[in-house]
1. Only one of (1) in contact with a Cys (Cβ under 9 Å, 6 or more places away or on another chain); (2) at negative phi; (3) in contact (Cβ under 8 Å) with a residue 40 or more places away in the chain fails for GLY102. Which number is that?
2. Are any residues in the stretch 147-160 outside any helix (DSSP H, G or I) and in contact with a helix residue (DSSP H, G or I) (Cβ under 6 Å, 6 or more places away or on another chain), and if so, which ones?
3. Tell me which residues, restricted to the stretch 50-70, are under 20 Å from the mean Cα position of the chain (by Cα) and over 19 Å from LEU121 (Cβ atoms).
4. Of the numbered conditions (1) farther than 27 Å from ASP43 by Cα; (2) surrounded by 14 or more Cβ atoms within 10 Å (Cβ to Cβ); (3) of a type outside the set (D, E, K, R), ALA123 fails exactly one; give the number of that condition.
5. Which one of these is assigned to a loop (DSSP other than H, G, I, E, B), over 12 Å from ILE100 (Cα atoms) and modelled with pLDDT under 90: THR163, THR144?
6. Taking the conditions exactly as written (in contact (Cβ under 8 Å) with a residue 60 or more places away in the chain, β-branched (Val, Ile, Thr) and farther than 29 Å from ARG188 by Cα), does ILE151 satisfy them or not?
7. Among the residues of the stretch 105-116, is there at least one that is surrounded by 15 or more Cβ atoms within 10 Å (Cβ to Cβ), touching a residue at least 40 places away in the same chain (Cβ under 8 Å) and closer than 24 Å to ARG60 by Cα?
8. Quick test of your reading of the structure: PHE42 fulfils all but one of (1) at pLDDT 80 or above; (2) assigned to a helix (DSSP H, G or I). Name the failing condition by number.
Amino acid sequence: MLNLIWLLLLASGIIVAAINGNVEVVTEAALSAARGAVQVCFDLIGIMALWLGIMRIAERGGLIRIIAILLKPIMSRLFPSIPAGHPAMGAIILNLSANILGLGNAATPFGMKAMQEMQKLNAGSSEASQAMCTFLALNTSCITLIPATIIGVRLSFASANPTEIVGPCIFATSISMLIAVSMDYWFRSRSRWKGTR
């Protein structure tokens, strides 16, 4: 569906440019956008390398294990179908930790690993389990304390105060996570899967 939407947007842009006799504008805009995207990516490399390094140090230094112990009561309530000590729980905690630090790119591999591990507990079903749905809700709405990627983008565009979005970001993501967890709990309590997975 998304591919169809992009196709319609591109086609309508080209048609409107052709009607107005400015087809070259489409090419110029595409090249300019591609150049800008590459520049932003280069600007983000340093910031991503820094935070990924910090995450690796935290993981090897045992900080993730400490976070896992602190989050265990909450995680066991959010994911009752995942046994204690299962690799899925570790991957979920790593994913959420990366999201909390605003490192969406670093969180992706942990999220994929968590889904793979939860699929092993899903008895080969092609439908997502409750744990998978809960994780997806948490992953997409996770609270962000340090929006590192957004700060990096603002820095690359020479923002006068790139960190001014920290407060609003914490507020917005806190509300979104609260709503996501509440809705997940509400749907789970009425689910046809209740008591089965």
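1. Among (1) in contact with a Cys (Cβ under 9 Å, 6 or more places away or on another chain); (2) at negative phi; (3) in contact (Cβ under 8 Å) with a residue 40 or more places away in the chain, the lone unmet condition for GLY102 is (2).
2. Initially, the stretch 147-160 is screened for residues outside any helix (DSSP H, G or I), giving 147, 157-160.
PRO147, the sole residue that qualifies.
3. As a first pass, look at the stretch 50-70 and keep what is under 20 Å from the mean Cα position of the chain (by Cα): 50-56, 58-59, 64, 67-68.
Selection gives LEU50, TRP51, LEU52, GLY53, ILE54, MET55, ARG56, ALA58, GLU59, ILE64, ILE67.
4. It is condition (2) that ALA123 fails.
5. THR163
6. Numbers: in contact (Cβ under 8 Å) with a residue 60 or more places away in the chain: yes; β-branched (Val, Ile, Thr): yes; farther than 29 Å from ARG188 by Cα: yes.
Answer is yes for this residue.
7. In the first step, residues of the stretch 105-116 are kept if they are surrounded by 15 or more Cβ atoms within 10 Å (Cβ to Cβ); the result is 106-107, 110-111, 113-115.
Add one more test, that the residue is touching a residue at least 40 places away in the same chain (Cβ under 8 Å), and what stays is 106.
Now narrow it down to the ones that are closer than 24 Å to ARG60 by Cα: 106.
Among the residues of the stretch 105-116, at least one is surrounded by 15 or more Cβ atoms within 10 Å (Cβ to Cβ), touching a residue at least 40 places away in the same chain (Cβ under 8 Å) and closer than 24 Å to ARG60 by Cα, which makes the answer yes.
8. Condition (1) is where PHE42 drops out.
The values are calculated or read from the model by the stated rules, or taken from the named source; none is laboratory data. Every value quoted in this text rests on a predicted model; they were computed, and no experiment measured them. Note: ideal-geometry Cβ built from the backbone for every residue, glycine included; neighbour counts use all protein chains shown.
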